[in-house]
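My structure is below; once you've seen it, I'll send some questions.
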Amino acid sequence: MKFLVVGCSFRTASVDLRERLAYSAEELPHTLCALRELPDVHEVMLLSTCNRVEIWAVSGRPRHGAQVLMDYLARDREVDLAELKKVLYRHHTTEALTHLFKVTSSLAAMVVGEPQIAGQVKEAFGAASEAGTVGPLLNRCMHKAFGTAKHVRTETDIARHPVSVSSVAADLAGRVFGDLANSRVLVVGAGEMAELAVRRLLADGASIQVINRSVERAQQLAFQLGANAHPWEQLRGQLLLADIVISSTGSKEPIISRQLVLEVMRQRRQKPMFIVDIAVPRDVERAVGELPNVYLFDVDDLEQVSAENLKERRKEAGAAEGILGQEVTQFEDWMRMQDAVPVIKDLRQHFTEVVRAEVGRTKHDLGLEQSARQRVLDSMADAIVNKLLHVPTMELKNHAARSDGVFLARSARHLFRLPSRQQEEDGEPQENKGKER
Amino acid sequence: MNALLLITVALYTLASVLYLAHLFGSKEGGVNIARWALIATAVVHLGLIGWYCSQKLNPVADLRGALSLIAWLLASGFLVTTIKSRMSAMGAFVAPLSGVLLLTSALTPADSPAVDQEGIMRALGELHIGLSALGVAAFGLATAVALIYCIQENALKNKRLGPLFRRMPPLNTLDDAGRRLILVGFPLFTLALVTGVIWAIHLPTAGIARPEFYISGATWLVFGALILLRVTLGWRGRRAALLTVVGFSAMVLVLLLYLMRRLLAG
């Protein structure tokens, strides 16, 4: 059995095509069942995110399996097959495993190291498990992929460098306040940018307050975020209470002046204030950042931090590739070991049958069939089988992880005339197409 | 120098290198090794103090013993502080400081007026030295926290958010730790001053007309003012950190004056 990946990503397909190929959560169960019914597809799961649509499968004949899956996609999504072939990548065996581990570890993501993809892969795996399209191989492989993703995140600094405005702001605020669960966030302005910027803080458990010139809009955003809305006149009062201020109004003039913050800071006894000004033109006077215990970051500052963090992530991705290589090799070794299991089982069964038959005949000749001493002969027979098969079993296991493993398994079957099995017969040459690795 | 002392100094050097590598190195990690190295150092150092005690060298009887005790209190106090909070960056300041203090202790001549006293005066002298050691250790830790605060705050204000920035604790954690340490150190230091004044007045040779006594008084005023300003005007952050550094610098000056006096006397 071999792993197989067929799919497209933001690197190979336009957003229009990705939208057409995407599957919703509701479509997944019956699609997975339909995929599982296809010839040469033994196990299957489907990953559909805004950046990629991929089918991960286990197949006895991966080349044929890939063709079958491409045909299905073209038919099901009503896309011209020739057009689809241009954007779909097809990997199998080592390439497929490497790709799968890369995707799960967020090394193939648009923003390298963003953690969302691991959650999306887990959801896709959960959906496939529920649909009953995951077998032992895919199950083992996915657990290895999740383990690898965790390994990459803990062994490298890839996750320690936030890059989105929301996570950079939350990370910097955390450098001031530590735990953000008890912090109070004031969102000044109720635009989309404010909503995006506050999402991470909301996830960290911060209490959110929204203030806007239009109270209705403030209430609308507050409702969406599960926050409280306040009228514009309460700006000073809310600044007094806020730990973190996120400002993104459309005002042409600064609305938070140095004088205002100076007075507020005196009133709040210099309790630290972290201000994120994502408005253009700026909402907060630059001089506010010079006040003691006030930390001001505007859009340029955040973008600079984000760019530096992205650079760091890319550096870390190099180290992560090394971990990935080791994990793929380990998994392939385990798979080859599994290939040796059927021949070892058959060999043991064959030897046991031969020896037991001979021992049975001997028992009959000696008239020991009813005697308690026959157990001694049975034990002796088992011991002979064990001793005879010890070395061949070890050799088959050891060689299973090497290139001559299949040859040895086939030779064993040939020498002892054991029945042939699919795993050892499957010698399909590798072929990988597509741009994404 | 005995072998145990050399081993302790070597261990402090090792712990310092490991903590500095953790803070300033290109790769994060290794903090656990540094922590275990410092735990081992503190245990060996405690053994050294115990050995001195067995040789009738009381650690609170003179400056030599007091410096060694301060070094041990700093290292142990730091290890206790890091049990619950992520303050390992402090190790890069505390471990070298403890090492230097222990080395200075080893080079300081033994004997002091305290051992010459008998009965209640001797006890008073030892109480003064013991309380001073505890106070200096608490203020020393507060100063390590204050220095880290200044570095961290400077990085945040100037948007220089390199690897060093990521390895330091949040500003609020540092400010809070500094406040607690000063609150622990101040009553100990106050008692040390009171016992010191009573002791000095009754000493036949010394008296209270020495610069180190006045500087100690000024140090007490600085830390007292810091607590008062925190409570009344909400002083915190950089200002509080800088005042802590000023107070501890005065304290170091007092120790240096004592040291010079001992060296000249020796």
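From the list A:140, A:160, pick out the single residue that is modelled with pLDDT of 85 or more and either of a type in the set (D, E, K, R) or out of contact with any Leu (no Cβ under 8 Å at 6 or more places or on another chain) (or both).
None of the others qualify; the one that does is A:140.
Please find, within region A:152-163, the residue that is nearest to the other protein chains (Cβ to nearest Cβ) out of those that are in a helix (DSSP H, G or I) and surrounded by 22 or more Cβ atoms within 10 Å (Cβ to Cβ).
A:158
Next question, about the same structure. Please enumerate the residues belonging to region A:46-58 that are of a type in the set (A, V, I, L, M, F, W, C) and surrounded by 19 or more Cβ atoms within 10 Å (Cβ to Cβ).
Of everything in region A:46-58, those that are of a type in the set (A, V, I, L, M, F, W, C) and surrounded by 19 or more Cβ atoms within 10 Å (Cβ to Cβ) turn out to be A:46, A:47, A:53, A:55, A:56, A:57, A:58.
Okay, residues lined up against (1) modelled with pLDDT of 85 or more; (2) crowded, with 24+ Cβ neighbours inside 10 Å; (3) in a helix (DSSP H, G or I):
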site	(1), (2), (3)
B:43	yes, no, yes
B:57	no, no, no
B:70	yes, yes, yes
B:75	yes, yes, yes
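Can you say whether residue A:336 is modelled with pLDDT under 85 and within 28 Å of residue A:65 (Cα to Cα), as far as the supplied structure shows? Walk me through it before giving the result.
Working: modelled with pLDDT under 85: yes; within 28 Å of residue A:65 (Cα to Cα): yes.
When the stated conditions are applied, residue A:336 passes them.
When only residues in region A:10-45 that are within 17 Å of the chain's Cα centre (by Cα) and buried (at least 22 other Cβ atoms within 10 Å of the Cβ) count, which is nearest to residue A:106 (Cα to Cα)?
Among those that are within 17 Å of the chain's Cα centre (by Cα) and buried (at least 22 other Cβ atoms within 10 Å of the Cβ), it is A:45.
Quick grid of which residues meet (1) surrounded by 12 or more Cβ atoms within 10 Å (Cβ to Cβ); (2) part of a helix (DSSP H, G or I):
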| position | (1), (2) |
| --- | --- |
| A:348 | yes, yes |
| A:353 | no, yes |
| A:372 | no, no |
| A:378 | yes, yes |
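Please verify whether region A:228-239 includes one or more residues that are touching a residue at least 24 places away in the same chain (Cβ under 8 Å) and part of a loop (DSSP other than H, G, I, E, B). Spell out the reasoning first.
Here is the first cut: in region A:228-239, the ones touching a residue at least 24 places away in the same chain (Cβ under 8 Å) are A:235-236, A:238-239.
Subsequent filtering for residues that are part of a loop (DSSP other than H, G, I, E, B) retains none.
No, there is no match, as no residue in region A:228-239 is touching a residue at least 24 places away in the same chain (Cβ under 8 Å) and part of a loop (DSSP other than H, G, I, E, B).
I would also like to ask the following. Right, residue A:305: at negative phi, of a type outside the set (S, T, N, Q) and open to solvent by less than 50 Å² (accessible area, probe 1.4 Å) or not?
So residue A:305 passes the test.
Would you confirm whether any residue within region A:281-296 is at pLDDT below 85 and either in a helix (DSSP H, G or I) or farther than 30 Å from residue B:151 by Cβ (or both)?
Looking through region A:281-296, at least one residue is at pLDDT below 85 and either in a helix (DSSP H, G or I) or farther than 30 Å from residue B:151 by Cβ (or both).
Give A:260, A:235, A:241, A:302 a once-over and let me know the one that is under 26 Å from residue B:152 (Cβ atoms), more than 35 Å from the chain's Cα centre (by Cα) and not acidic (Asp, Glu).
A:241
Checking the condition farther than 27 Å from residue A:271 by Cα and at pLDDT 80 or above, which residue from A:192, A:155 passes? Walk me through how you get there before you give the answer.
Working: A:192 fails: at pLDDT 80 or above.
After ruling out the rest, the residue left standing is A:155.
If we scan region A:358-372, do we find a residue that is more than 27 Å from residue A:1 (Cβ to Cβ), touching a helix residue (DSSP H, G or I) at 6+ places or on another chain (Cβ under 6 Å) and of a type outside the set (A, V, I, L, M, F, W, C)?
Yes, some residue in region A:358-372 is more than 27 Å from residue A:1 (Cβ to Cβ), touching a helix residue (DSSP H, G or I) at 6+ places or on another chain (Cβ under 6 Å) and of a type outside the set (A, V, I, L, M, F, W, C).
If I ask for residues that are among the charged types (D, E, K, R), at negative phi, open to solvent by 30 Å² or more (accessible area, probe 1.4 Å) and within 12 Å of chain B (Cβ to nearest Cβ), which ones from region A:264-283 would you list?
Across region A:264-283, the qualifying residues are A:266, A:271.
Scan region A:91-106 residue by residue and report those that are crowded, with 23+ Cβ neighbours inside 10 Å and part of a loop (DSSP other than H, G, I, E, B).
A:105, A:106
Return the total of residues in region A:182-222 being closer than 22 Å to residue A:167 by Cα and in a helix (DSSP H, G or I). Lay out the reasoning, then the answer.
Initially, region A:182-222 is screened for residues closer than 22 Å to residue A:167 by Cα, giving A:182-211, A:221-222.
Restricting the remaining residues to those that are in a helix (DSSP H, G or I) gives A:192-203, A:221-222.
Qualifying residue count for the region: 14.
Return yes when residue A:328 is within 13 Å of chain B (Cβ to nearest Cβ), in contact with a Ser or Thr (Cβ under 9 Å, 6 or more places away or on another chain), crowded, with 18+ Cβ neighbours inside 10 Å and at pLDDT 85 or above and no when it is not.
Numbers: within 13 Å of chain B (Cβ to nearest Cβ): no; in contact with a Ser or Thr (Cβ under 9 Å, 6 or more places away or on another chain): yes; crowded, with 18+ Cβ neighbours inside 10 Å: yes; at pLDDT 85 or above: yes.
No.
Please enumerate the residues belonging to region A:164-185 that are open to solvent by 20 Å² or more (accessible area, probe 1.4 Å) and more than 12 Å from every other protein chain (Cβ to nearest Cβ).
Selection gives A:164, A:165, A:181, A:184.
Which of the residues that make up region B:179-201 are hydrophobic (A, V, I, L, M, F, W, C) and either at pLDDT below 90 or closer than 23 Å to residue B:149 by Cβ (or both)?
Initial filter on region B:179-201 (hydrophobic (A, V, I, L, M, F, W, C)): B:181-184, B:186, B:188-189, B:191-194, B:197-201.
Hits for region B:179-201 are B:181, B:182, B:183, B:184, B:186, B:188, B:189, B:197, B:198, B:199, B:200, B:201.
Also, quick follow-up: Would you be able to say whether some residue in region A:179-198 is polar (S, T, N, Q) and free of Cβ contacts under 8 Å to residues at least 60 places away in the same chain?
yes
Being touching a helix residue (DSSP H, G or I) at 6+ places or on another chain (Cβ under 8 Å) and at pLDDT 90 or above is true for just one of A:108, A:145. Which residue is that?
Unique residue meeting the criteria: A:145.
Is one or more of the residues making up region A:240-251 within 14 Å of another protein chain (Cβ to nearest Cβ), buried (at least 19 other Cβ atoms within 10 Å of the Cβ) and in a strand (DSSP E or B)? Quick ask: steps written out before the conclusion?
Filtering region A:240-251 down to residues within 14 Å of another protein chain (Cβ to nearest Cβ) leaves A:240, A:243-244.
Restricting the remaining residues to those that are buried (at least 19 other Cβ atoms within 10 Å of the Cβ) gives A:243-244.
From what's left, in a strand (DSSP E or B): A:244.
Yes, the conditions are met somewhere in region A:240-251.
Quick one: in region A:297-319, which of the residues that are assigned to a helix (DSSP H, G or I) and among the hydrophobic types (A, V, I, L, M, F, W, C) is farthest from the other protein chains (Cβ to nearest Cβ)?
Per the stated criteria, the residue is A:317.
In addition: Quick one: would you say residue A:359 is in contact with a Ser or Thr (Cβ under 9 Å, 6 or more places away or on another chain), surrounded by 11 or more Cβ atoms within 10 Å (Cβ to Cβ) and at pLDDT 85 or above?
Answer is no for this residue.
Out of the residues in region A:166-208 that are β-branched (Val, Ile, Thr) and in contact with a strand residue (DSSP E or B) (Cβ under 6 Å, 6 or more places away or on another chain), state the one that is nearest to residue A:249 (Cα to Cα).
Per the criteria, the residue is A:188.
Name every residue in region A:252-263 that is in a helix (DSSP H, G or I) and open to solvent by less than 10 Å² (accessible area, probe 1.4 Å), in order of residue number.
Listed by number, the list holds a single entry, A:261.
The values are calculated or read from the model by the stated rules, or taken from the named source; none is laboratory data. Quick caveat, the model's predicted, so the values are computed rather than measured. Quick reminder, even Gly has a Cβ in these numbers, built from the backbone with ideal geometry, and neighbours come from all protein chains shown. For the accessible areas, the whole protein counts, side chains as well, though only heavy atoms, and no ligand, DNA or RNA atoms are used. Shrake-Rupley method; radii C 1.70, N 1.55, O 1.52, S 1.80 Å.
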